[in-house]
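Enquirer: Would you mind keeping the following structure in view while I ask a few things?
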Amino acid sequence: MSIIFHEETKVFHLQNDAISYIMMVLPNGKMGHLYFGKRIHDREDFENLLELVPRPMSSGIFVGDKFFSSQHIKQELPDYGTGDYRSPAVEILQKNGSRISDFQYHSHHVEAGKPLLPGLPATYTEDQKEAETLVLNLVDSVTGIEAELFYTIFAQRGILARSIRYHNKGNQSVYLGRAMSLCLDLPDCEYDWVQLSGAWGRERHVKTRRLATGVQSIGSMRGNSSHEHNPFLILKRPLTSERQGEAIGFSFVYSGNFLMQAEVDAHDNTRVLVGLHPDTFTWHLKEGESFQTPEALMVYTDSGLNDMSQSFHQLFQTRLARGYWRDRVRPILINNWEATYFNFTEDKLVQIAEKAKECGVELFVLDDGWFGARNNDFAGLGDWVANPERLSGGITGLAERISQLGMKFGLWFEPEMVNKDSDLYRSHPDWILEAPGRENSQGRNQHVLDFSRKEVVDCMFEMMAKILREAKVSYIKWDMNRSITECFSKSFAPEQQGEIFHRYILGVYDLYERLTTEFPEVLFESCASGGGRFDPGILYYAPQGWASDNSDAVERMKIQYGTSMCYPISSIGSHVSVIPNHQVYRNTPLHTRANVAYFGTFGYELDLNKLSEKEIEEVKEQIAFMKEYRSLLQFGAFYRLKSPFEGNELVWMVVSEDKRTALVGWYRILNVVNDRFTRVKLQGLNEDFCYEVSQDGTKRYGDELMNLGLVTSDATAGQTPQDEIPCTDFESRIYILKAVEV
Ligand code: DGJ
């Protein structure tokens, strides 16, 4: 890994074994972009990449050079108003009404490692040798605003982290109207655009379309990163598949409003912008103040989408997630939500926990309904004190009872919200986000607390910390069940109202930071009505997230498959739930529900007392299996082999670091009569190892399994032999492969 600067030609070349990122100071003083892709040799001069042409009718001509127009040039920090008519990465609204700026190179320096971003989640290094950071200083001379552009190249894999810090060194206050974190200008548009989109209950489905002339974008203006669009985007070459070909993945380390956009111009150049959504953002930057954008990540691969995913998985698992739980296998939990909803007593909870303990479950999680007057979702949010009518000994008492069973205890919170029917609201009616003179829009009968205010965050911290200090709580499920409307804070001046969405998220991060600092061994699981805030920003504090409120095994195949495009298996909260399933009323076999949930953090979301003896035996086996293999499942190298978006089957697998053990998950959605024979080519094995395959005890070399494939055909073709269990719809199997001596 190195960051090279050619003094003569003013060329910067960031490179490691996988990638090169090249840019230069342009003749007009702006920072020009030259190349991002597979590593290439360094040279003194890359001016040939500038692609200068005298196009008729071009504006933005640099004085004296008709070949050079900012209308066509590729830039690192395109600004508004000087002839680049594509969307800018920055806009400065000035006192005189002008929005024009012209950021020019001023200086640069290189730092070992990677600086932290104050108040924001970001990837990090543990040893300075893991990465190097180039900081470019650009200045807009009229306003005196300075932009520091951060580029961190990691030693391993094709990963680049970027962010920008603005400093107002001028003598007037300005507004940042747009402060994107990343601009990448690509020299063509031969790409498919792949996004993870959906809605509540069907989050992060993989959607692909061809990039076309004009602007295409995804984003959120809801205050959370949203169920609808994940802050993740892939541009892949049309022929790129999971196993081969070029792709660039973009990820935004942020949990609030975002925009990811690709603009294809008239000459088929593509500009990618990633950052805070400009439609819901302005920032009043006074003299002497600074503003730091969140971090955006880019991953380049020429080895297919799975390789790109593995780069994100490794980065997120080891250098984004932090703390005690980062490298530890996750406890197998039982959550009472789908078992009881609001209808529980303390004894009932203990009964659920007892049965779970008998089966081998390690952590009991008490969900919504334990506090204040919370008997339904109309009241109680904000009053984080146990309801004595339900829990006579409070949280301390229940936690003690669970602990006596030999289990850990976990608790649900929704710290950002309040019901009007609550003591908190009655004492602080001005603490919610609402616009003066306007009726607040409803969302699950609750209102959003103004987390842009420190006193609100302080109060939540104290209420939560009190419980964590007093009771044996080792896990928190942090929920967020409505998006933001009427985003107006009563404690900020009119010129700062455009900051509130971002300040709100900073408040969320602040609370997470304080709690994880004081209670470092508490495991946090994020949640937002399922997967409404499943993003890299939250992963920095909570190493796992409830992926979706949809717990149906078949629905989960698509959700978890899509999620795996960017997020590691250790981050995907996944549970076995009851049948008929509560979201789609589908009946799936118990083993299939577990076989899907294994590829995640794993747990149960039902009352095990309601299962038959036979089912309980099966549950015990599932838990024993998960305990044996969870380290491999959660931290092994993950491969997607067959997509549920493309057919009737899903296949994925994980391989241990030493390649001696692998698990293959095979799932068939609907049964097929008299089907063809099927094989799946495995990946990531050692071709010289001989693996024993658990299903039939056969021994196969890695090269055979990867080139000929694992035979997955089953015996039933509509005519089940008497002595075999018939296959049904929603069939699945886990193949265990172990290297053996031959
Ligand atoms: C939404 C979550 O996604 C559910 O798992 C559950 O915790 C409910 N909220 C509780 O209100």
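The values are calculated or read from the model by the stated rules, or taken from the named source; none is laboratory data. The model shown is predicted, which means the values in this text are computed figures rather than measured ones. As a convention, Cβ positions derive from the backbone with ideal geometry for all residues, glycine included, and neighbour counts pool all protein chains shown. SASA here: full protein model, heavy atoms, side chains in, ligands and nucleic acids out. Shrake-Rupley method; radii C 1.70, N 1.55, O 1.52, S 1.80 Å.
Enquirer: Considering each residue of segment 10-51, count those that are in a strand (DSSP E or B), of a type outside the set (A, V, I, L, M, F, W, C) and either farther than 21 Å from T82 by Cβ or open to solvent by 10 Å² or more (accessible area, probe 1.4 Å) (or both), and give that number.
Expert: 7
Enquirer: Quick one: L411 ticks every box in (1) away from the ligand (no atom under 16 Å from the Cβ); (2) buried (at least 23 other Cβ atoms within 10 Å of the Cβ) bar one, so which box is it?
Expert: (1)
Enquirer: Kindly establish whether Q695 is open to solvent by 70 Å² or more (accessible area, probe 1.4 Å), modelled with pLDDT under 95 and over 27 Å from E242 (Cβ atoms).
Expert: no
Enquirer: Of the conditions (1) assigned to a loop (DSSP other than H, G, I, E, B); (2) more than 30 Å from the chain's Cα centre (by Cα), E358 satisfies every one except a single condition; which number is it?
Expert: For E358, the exception is condition (1).
Enquirer: Looking only at segment 320-341, how many residues end up being open to solvent by less than 40 Å² (accessible area, probe 1.4 Å) and either more than 16 Å from the ligand (Cβ to nearest atom) or not in a loop (DSSP other than H, G, I, E, B) (or both)? Outline the logic, then answer.
Expert: Pass one, segment 320-341, residues open to solvent by less than 40 Å² (accessible area, probe 1.4 Å): 320-321, 326, 330-336, 338-340.
This time we only want the ones that are either more than 16 Å from the ligand (Cβ to nearest atom) or not in a loop (DSSP other than H, G, I, E, B) (or both), so: 320-321, 326, 330-335, 338-340.
Here the count works out to 12.
Residues are listed down the side, and each one gets a yes or a no for (1) surrounded by 21 or more Cβ atoms within 10 Å (Cβ to Cβ); (2) among the small types (G, A, S); (3) modelled with pLDDT of 95 or more:
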residue	(1), (2), (3)
H502	yes, no, yes
P520	no, no, yes
S526	yes, yes, yes
G537	yes, yes, yes
P543	yes, no, yes
S548	yes, yes, yes
S564	yes, yes, yes
S570	yes, yes, yes
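Enquirer: Exactly one condition in (1) among the charged types (D, E, K, R); (2) under 21 Å from G393 (Cα atoms); (3) free of Cβ contacts under 8 Å to residues at least 24 places away in the same chain is false for R328; which is it?
Expert: (2)
Enquirer: Name the residue that is surrounded by the most Cβ atoms within 10 Å (Cβ to Cβ), counting only residues in segment 596-616 that are closer than 18 Å to I352 by Cβ and charged (D, E, K, R).
Expert: E605
Enquirer: Something else about it: Considering only residues that are crowded, with 24+ Cβ neighbours inside 10 Å and more than 16 Å from the ligand (Cβ to nearest atom), look in segment 550-562 and name the one that is nearest to L590 (Cα to Cα).
Expert: In this case the residue turns out to be A553.
Enquirer: What about L34, is it closer than 24 Å to F68 by Cα and of a type in the set (A, V, I, L, M)? Please lay out each step first, then the result.
Expert: Values: closer than 24 Å to F68 by Cα: yes; of a type in the set (A, V, I, L, M): yes.
Yes: the conditions hold for L34.
Enquirer: Continuing with the same structure: Only one of G380, G406 is within 16 Å of the ligand (Cβ to nearest atom) and either crowded, with 23+ Cβ neighbours inside 10 Å or not charged (D, E, K, R) (or both); which?
Expert: None of the others qualify; the one that does is G380.
Enquirer: Any chance you could count how many residues in segment 701-740 are modelled with pLDDT of 95 or more and more than 37 Å from the chain's Cα centre (by Cα)?
Expert: 1
Enquirer: Scan segment 191-232 residue by residue and report those that are under 21 Å from M565 (Cα atoms) and among the charged types (D, E, K, R). So that I can check it myself, show each step before the final result.
Expert: Within segment 191-232, the subset under 21 Å from M565 (Cα atoms) is 191-211, 216-220, 224-232.
Within segment 191-232, D192, R202, E203, R204, K207, R209, R210, E228 qualify.
Enquirer: Next question. Going by the structure shown, is R482 out of contact with any Asp or Glu (no Cβ under 7 Å at 6 or more places or on another chain), part of a loop (DSSP other than H, G, I, E, B) and either under 21 Å from R178 (Cα atoms) or within 16 Å of the ligand (Cβ to nearest atom) (or both)?
Expert: yes
Enquirer: What are the residues in segment 362-374 that are crowded, with 23+ Cβ neighbours inside 10 Å and away from the ligand (no atom under 14 Å from the Cβ), if any?
Expert: The one that is crowded, with 23+ Cβ neighbours inside 10 Å and away from the ligand (no atom under 14 Å from the Cβ): F364.
Enquirer: Next question, about the same structure. So is T588 more than 20 Å from P331 (Cα to Cα), of a type outside the set (G, A, S), open to solvent by less than 10 Å² (accessible area, probe 1.4 Å) and touching a Phe, Trp or Tyr at 6+ places or on another chain (Cβ under 6 Å) or not?
Expert: When the stated conditions are applied, T588 passes them.
Enquirer: Identify the residue in segment 514-531 that is among the hydroxyl-bearing types (S, T, Y) and not in a loop (DSSP other than H, G, I, E, B) and, among all such residues, is nearest to R330 (Cα to Cα).
Expert: Applying the first criterion (among the hydroxyl-bearing types (S, T, Y)) to segment 514-531 yields 516-517, 526, 529.
Pick out the ones that are also not in a loop (DSSP other than H, G, I, E, B) and you get 516-517, 526.
Numbers: T516: 17, T517: 20, S526: 14 Å.
Among those residues, the one meeting the criterion is S526.
Enquirer: Would you mind telling me which numbered condition in (1) open to solvent by 40 Å² or more (accessible area, probe 1.4 Å); (2) in contact with a Lys or Arg (Cβ under 7 Å, 6 or more places away or on another chain) D703 fails?
Expert: (2)
Enquirer: State all residues of segment 611-647 that are in a strand (DSSP E or B) and of a type in the set (K, R); if no residue qualifies, say none. Don't jump to the end; show me each part of the working.
Expert: If we filter segment 611-647 for residues that are in a strand (DSSP E or B), which is where we start, we get 637-642.
Matches in segment 611-647: R640, K642.
Enquirer: Test H229 against the criterion of being without any contact (Cβ under 8 Å) to a residue 40 or more places away in the chain and either of a type outside the set (K, R) or closer than 19 Å to E76 by Cα (or both), and give yes or no.
Expert: yes
Enquirer: Name the pairs: first residue in segment 349-370 and closer than 14 Å to K610 by Cα, second residue open to solvent by 10 Å² or more (accessible area, probe 1.4 Å) and within 15 Å of the ligand (Cβ to nearest atom), Cβ to Cβ under 7 Å, at least 6 apart or on different chains?
Expert: Qualifying pairs under 7 Å: I352/A339.
Enquirer: Does D347 satisfy being acidic (D, E), outside any strand (DSSP E or B) and within 16 Å of the ligand (Cβ to nearest atom)?
Expert: no
Enquirer: What's the number of the condition L511 fails, among (1) away from the ligand (no atom under 16 Å from the Cβ); (2) open to solvent by 20 Å² or more (accessible area, probe 1.4 Å); (3) not basic (K, R)?
Expert: So the condition that L511 fails would be (2).
Enquirer: Assuming T82 fulfils every condition listed in (1) under 29 Å from the mean Cα position of the chain (by Cα); (2) β-branched (V, I, T); (3) open to solvent by 10 Å² or more (accessible area, probe 1.4 Å) apart from one, which condition is it?
Expert: All conditions pass for T82, except number (1).
Enquirer: Across segment 85-110, which residue is most open to solvent (accessible area, probe 1.4 Å) among those that are closer than 12 Å to Y175 by Cβ and basic (K, R)?
Expert: Top of the filtered list is K95.
Enquirer: Further question: Can you report the number of residues in segment 177-197 which are buried (at least 22 other Cβ atoms within 10 Å of the Cβ) and over 15 Å from A247 (Cα atoms)?
Expert: Here the count works out to 7.
Enquirer: Quick check on R593: is it open to solvent by less than 10 Å² (accessible area, probe 1.4 Å) and touching a helix residue (DSSP H, G or I) at 6+ places or on another chain (Cβ under 9 Å)?
Expert: For R593, the condition - open to solvent by less than 10 Å² (accessible area, probe 1.4 Å) and touching a helix residue (DSSP H, G or I) at 6+ places or on another chain (Cβ under 9 Å) - is not met.
Enquirer: Among the residues of segment 485-513, which ones are more than 23 Å from W325 (Cα to Cα), charged (D, E, K, R) and assigned to a helix (DSSP H, G or I)?
Expert: Passing the criteria: E495, E499, R503.
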